[in-house]
Amino acid sequence: MTQTGIFGLGTPEHCYLEFDLRAGASAAELVKAVAALTGPLSTGGGVNLVVGFRPELWVLVEPDGMPPGVRSFTEPIVGIEGFQMPATQHDAWVWVAGGDRTAVFNNTRDVIAALATIATVASEVTGWLYQHDRDLTGFIDGTENPSLLDAAGVAVVAEGAGAGSSVVLVQQWRHDSDSFQQLPVEEQERVIGRTKADSVELDEDVMPPTSHVSRTVVEEDGAELKIFRRNTAFGTVTDHGTMFVGFSSEQRRLEIMLRRMAGSDDGLRDALTRYTTPVTGAYYFIPAVPSLARYAPEEDG
């Protein structure tokens, strides 16, 4: 069984936490403390929780529980024209999502308190849904997402080591909204590769090869390598952007997408990266619920 919060669409309030182990604490202690949280095993307190671990940390606890090719984001992705995507890997990730800010705030405090003796908070970002399904550029976000009927086939490891698990890429992107909004709408659409009003993909004859769509829709042997996005807006009026949260059954798809955006291999850099800058980057392994449950404390009685 996969952590159900991955597919819990519609929650308007979000908080993303990253943790680092305290000196002297072990990987097993962290996994047990996280598994003791209510959220990974059921929905409680008005929120969904999704939890993940630095891949190498999880392997210390479950040596045979990792699908192939999953590893930390330890080296920046270097693109053209000095563009880079930074690596800011931490030990654990907890995503709290709910229907109102009070529930998310209170449950996030509970999570931090429960892990306080084992791990320190390395980062905290509050997110929310902007205009239901748009990001702060004003364009609809997630148009390429598979439907919920197909999402599990994209985001979840089907069989073998780590069956029922997922890999998530978490990046915080800070927008230069003023510069982007000063562009004529037609130019904004060429940057994104879709119409702004209704998210219709531009025709091939007008779609620039550097558009965001062109760089992030990845095909291999004629088949599209899809991922499942759960992005939100973050920040304030003067400092804001997008929390990119992308789930995949294999890390390779995410890595290909990032290298294409940076222009690392073919020199074509995603035009959107001229108006938004990545400030964090990490991969986390999202264990299946039965794997987490093995480390949860037994219920009394």
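Some values worked out for this structure:
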quantity	calculated
Percentage relative contact order, the chain, counting C-alpha pairs under 8 Å, at least six apart	29 percent
222 nm mean residue ellipticity, helices alone, for the chain (DSSP H n ≥ 4; -39,500 (n - 2.57); rounded to 500)	-6500 deg cm²/dmol
Size of the chain as Cα extents on the principal axes (Å, biggest first)	66, 42, 38
Computed magnitude of the charge dipole of the chain (debye, nearest 20; Cβ of K, R +1, Cβ of D, E -1)	620 debye
For the stretch 192-241, alpha-carbon Rg over 2.2 N^0.38 Å	1.45
FRET efficiency for M207 and V78, using Cβ-Cβ distance with R0 set to 25 Å, rounded to 0.05	0.45
Residue-normalised accessible area of the chain, expressed per residue, 1.4 Å probe, Å²	45 Å²
Estimated FRET transfer efficiency (R274, A223; beta-carbon r; R0 22 Å; 0.05)	0.15
The chain: DSSP helices with Cα axial extent of at least 15 Å and average Kyte-Doolittle hydropathy no lower than 0.0	101-115
Sites D64 and L9, calculated FRET efficiency, Cβ-Cβ separation with R0 30 Å, nearest 0.05	0.40
Reduced Cα scattering model of the stretch 214-264, Debye log10 I(q)/I(0), q = 0.15, 0.22, 0.24 Å⁻¹	-0.50, -0.87, -0.96
Alpha carbon convex hull of the stretch 135-203, volume per residue in cubic angstrom	118 Å³
Within the accessible area of the stretch 222-291 (1.4 Å probe), percent carbon and sulfur	53 percent
Gaussian network model of the chain, springs between alpha carbon atoms under 10 Å - residue of V213, V200, V157 with greatest fluctuation	V200
Most fluctuating residue given options V104, V51, V121, as computed from a GNM of the chain linking Cα atoms under 10 Å	V121
Gaussian network model of the chain, Cα within-10 Å springs - most flexible of E144, E189, E224	E224
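The values are calculated or read from the model by the stated rules, or taken from the named source; none is laboratory data. These numbers were taken from a predicted model, which means no experiment stands behind them. FYI the Cβ positions are ideal-geometry reconstructions off the backbone, even for glycines, and counts take in every protein chain you see. Surface areas here come from the heavy atoms of the whole protein model, side chains and all, with no ligands, DNA or RNA. Shrake-Rupley method; radii C 1.70, N 1.55, O 1.52, S 1.80 Å.
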